[in-house]
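Colleague: I have a structure here, written as structure tokens, and I will follow up with some questions on it.
The values are calculated or read from the model by the stated rules, or taken from the named source; none is laboratory data. Predicted model only: the values in this text are computed from it and were never measured. Cβ placement follows ideal geometry from the backbone for every residue including glycine, while neighbour counts extend to all protein chains displayed.
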Amino acid sequence: MANASDTDRSRPEQDTRRIMSDSSNIEEARTESDDHVAGQVKFLVCVDGSAPSKVAVHYACRRAKNTNGRVALLFVIQPVDFRQWSGVEEMMREERRQESEALLNDMAAEVNTFAGVMPELMLREGRIGDEILGAIDDDPSIDLLCVGSNPAEGRGKLVSFLAGHLAGRLTIPLVVIPGTLSDEKIINIT
């Protein structure tokens, strides 16, 4: 026989299930891109191959591994203006694309080794702030934006830009990871 405290604890769960079953079917209302599971976090990490961005990747991997979350890596190819030499511009664009894809694939292998999952890879071309916001807007399952910083250089261009110009436009938390964190420190804080 259940005592009164057991009954009291189970009643809210029963009520919650009843309320949810009486409301519109949540699963039917979801879109294909809205596959968020409570407690699972998807980390978007901006990468450029620098040491700070690699530390940010390691941080996101540890957090994802510990929360059964996911990692997405974003590389933004910033435009270079060579309008007067359109042939050179196209050749440089293709070269940068190939280098960017190689970098993303190398970092994906690191993520797989470090967290045991394959990350989602995103390669976008344009102004970095616009492309970061675009990636977040295009994927509503992204929960946190992670960027690495180099404390020796102060806030750095990307962190300054994100904190200053985009802070009012970001719809998710921005996590700035100091590039000087050791693997041991990352393990301790994640």
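Colleague: Quick one: which strands (runs of 3 or more DSSP E) sit completely within the stretch 91-190 and have at least 2 residues that are crowded, with 16+ Cβ neighbours inside 10 Å and free of Cβ contacts under 8 Å to residues at least 12 places away in the same chain? Walk me through it before giving the result.
Modeller: Values: elements: 120-125, 144-149, 174-178.
By residue number, no strands (runs of 3 or more DSSP E) qualify.
Colleague: Residues to consider are S33, S86; find the one that is of a type in the set (S, T, Y), within 21 Å of L133 (Cβ to Cβ) and modelled with pLDDT under 85. So that I can check it myself, show each step before the final result.
Modeller: Details: S86 fails: within 21 Å of L133 (Cβ to Cβ).
None of the others qualify; the one that does is S33.
Colleague: Taking the residues in the stretch 45-67 that are farther than 22 Å from L162 by Cα and either modelled with pLDDT under 90 or basic (K, R) (or both) as candidates, determine which candidate is surrounded by the most Cβ atoms within 10 Å (Cβ to Cβ).
Modeller: Across the stretch 45-67, the extreme among qualifying residues is R62.
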